[in-house]
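One structure below.
The values are calculated or read from the model by the stated rules, or taken from the named source; none is laboratory data. Only a predicted model underlies this, so the values are computations on that prediction, with no experimental measurement involved. Note that we place each Cβ from the backbone using ideal geometry, even for glycine, and neighbour counts take in every protein chain shown. We work out accessible area using only protein heavy atoms, side chains counted, and drop any ligands, DNA or RNA first. Shrake-Rupley method; radii C 1.70, N 1.55, O 1.52, S 1.80 Å.
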Amino acid sequence: MKPTNRPALATFSSGPCAKRPGYSLAALATDTLGRSHRSSLGKSRLAKAIAETKAVLGIPSGYRVGIVPASDTGAFEMAMWNLLGARGVDAFCWESFGEGWVTDIQKQLKLPDVRLFRADYGHLPDLSQASGDRDVVFTWNGTTSGVKVPDGDWIAADRKGLTLCDATSAVFAMDMPWAKLDAVTFSWQKVLGGEAAHGMLVLSPRAVERLTTYKPAWPLPKIFRLTKGGALMEEIFEGSTINTPSMLATEDYLDALAWAKSIGGLPALIQRSQANLAAFESFVASHPWIRFLAREARSRSSTSVCFLVELPAEQVKKMVKLLGDEKAALDCGAYKDAPPGLRFWCGATVERSDVEKLLPWLEWAYEEVRKA
Ligand SMILES: Cc1ncc(COP(=O)(O)O)c(C=O)c1O
């Protein structure tokens with residue numbers, strides 16, 4: 001039977017992700033538009049975005065948080081190009097984005113001493129191989145496989161190397177052990193459903209120490225530079241951006257942060273994402289034709305929830321189209337480099353009630369495609 005009840009918001013894309021419940025463009029402040037981002041007003045809003053990020057995420061006081069260009073990719077490349085090269089690197093990857101960082105470490109930075117720990121889609125590499133004497137590069141949540149790092153226990157508290165963590169689809173939805181992380185990056189459009197444009201770069205005191213005591217052997221374009229004359233450019237972490245930011249995207253992010261606080265902050269955000277995953281888990285338990293791409297429950301992502309379906313790839317594509325055409329779930333196909341399947345964003349801005357309304361549609365689309 002074709003369902004009749006559609007999700008109120010069918011935006012299940014894994015980036016840009018669903019706007020927060022109750023979102024209204026008209027509710028955004030517009031007094032910064034057309035003003036200089038370096039005016040006291042503009043700077044105060046950028047500084048507020050930094051301060052509220054720290055507050056909601058509980059980032060330790062000694063850590064720097066900066067707004068940088070080019071979304072999460074910009075922030076993570078910035079971290080790698082500024083910090084790597086001082087020590088050997090242990091790189092862990094298990095899906096497309098992690099692979100991308102490995103490509104840059106090996107083919108662009110051409111680092112001579114790299115140990116690569118790779119796993120197939122659905123699995124995690126052996127994290128216990130990470131050496132505290134070396135820098136460690138990894139992605140907290142593999143958005144394209146739905147496989148996440150379960151915790152930070154494998155990272156040595158007394159490490160000498162730095163940990164560089166792409167956490168864009170994890171922060172605001174998963175517990176981050178900040179003391180184990182030295183350079184963390186994310187974007188605004190993921191878990192809080194903000195607008196794409198800027199990246200966030202979080203640096204531990206030890207990462208700052210590396211920046212001020214080590215000079216990479218390669219040139220750094222202006223857009224990547226975090227130091228001047230060997231000193232940290234502190235102003236980047238106080239709201240003076242390297243180049244012009246979008247003040248509209250900034251207001252949108254502030255709106256998302258205010259919503260996050262209003263619903264109870266980080267614990268509530270994490271709980272919402274987990275409730276969404278739980279709704280899918282009970283569906284999968286009673287439907288043998290669908291299974292999580294993530295092989296182990298403990299590394300199963302609660303944000304980018306990825307599935308394999310017992311159908312040929314072409315038919316899975318038809319399911320994705322049907323779900324989109326029916327406005328039951330928009331943009332729910334697997335990432336282009338991932339095994340064919342379905343992916344539903346289940347971050348904090350997604351309502352569990354919408355996931356529940358989607359499930360009968362999923363069953364319907366499967367049957368429609370199968371009998372065709
Ligand atoms: C884990 C991960 N890293 C990097 C990126 C790229 O992020 P951006 O498009 O914000 O640069 C994404 C985007 O989905 C991602 O999920």
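Hey, what angle do you get for helix 352-371 against the long axis of the chain, alpha-carbon based, 0 to 90 degrees rounded to 10? Approximately 60 degrees, to the nearest 10.
Taking GluC sites (Glu not before Pro) as exposed when DSSP calls them loop and at most 15 other C-beta atoms lie within 10 angstrom, the chain has its longest site-free stretch at 1-295. Summing charges over all other residues whose Cβ lies under 11 Å from the Cβ of Glu251, with Lys and Arg as +1 and Asp and Glu as -1, gives -2. Normalising by the residue count of the chain, find the relative contact order in percent from Cα pairs under 8 Å and 6+ residues apart. Result for the chain is 26 percent.
Heavy-atom accessible surface of the range 133-201, averaged per residue, reaches 22 Å², computed with a 1.4 Å probe. Plainly put, the range 247-372 has a radius of gyration that is 1.01 times its Kirkwood radius, both from alpha-carbon atoms, as the Rg/Rh ratio.
Hey, what did the range 312-356 get for relative contact order, percent, Cα under 8 Å, at least 6 apart?
The value is 29 percent.
Heavy-atom accessible surface of His198, to the nearest 10 Å², is about 20 Å², with a 1.4 Å probe and all protein chains retained.
Among the trypsin sites (Lys or Arg not before Pro) in the range 67-170, those placed in a DSSP loop whose Cβ has at most 15 other Cβ atoms within 10 Å are Lys110, Lys160.
For the range 1-119, would you read off the P(r) tail past 20 Å as a percentage of all alpha carbon pairs? In whole percent, the share of Cα-Cα pairs in the range 1-119 beyond 20 Å is 67.
The mean sequence distance of close C-alpha pairs (under 8 Å, at least 6 residues apart), as a share of the length of the range 128-221, puts its relative contact order at 22 percent. Bridgeable lysines around Lys190 (alpha carbons under 25 Å apart, same-chain partners fewer than 8 residues away excluded): Lys19, Lys43, Lys48, Lys54, Lys148, Lys180, Lys261, Lys317, Lys321, Lys327, Lys336, Lys357.
The convex hull of the Cα atoms of the range 14-56, projected and averaged over all directions, covers 4.3 nm². Suppose we look only past 37 Å in the calculated P(r) of the chain. What percent of the Cα-Cα pairs does that tail hold? Tail fraction, whole percent: 21. Neighbours of Ser36, meaning other residues whose beta-carbon lies under 14 angstrom from its beta-carbon, give a summed charge of +3 when Lys and Arg score +1 and Asp and Glu score -1.
The fraction of accessible area contributed by carbon and sulfur in the chain is 52 percent, rounded to a whole number (1.4 Å probe; ligands and nucleic acids excluded).
Tally Lys/Arg at +1 and Asp/Glu at -1 over every other residue whose Cβ is under 10 Å from the Cβ of Thr185; what's the total?
-3
If you wrap the range 299-372 in the convex hull of its Cα atoms and look at it from every side, the mean projected area works out to 5.2 nm².
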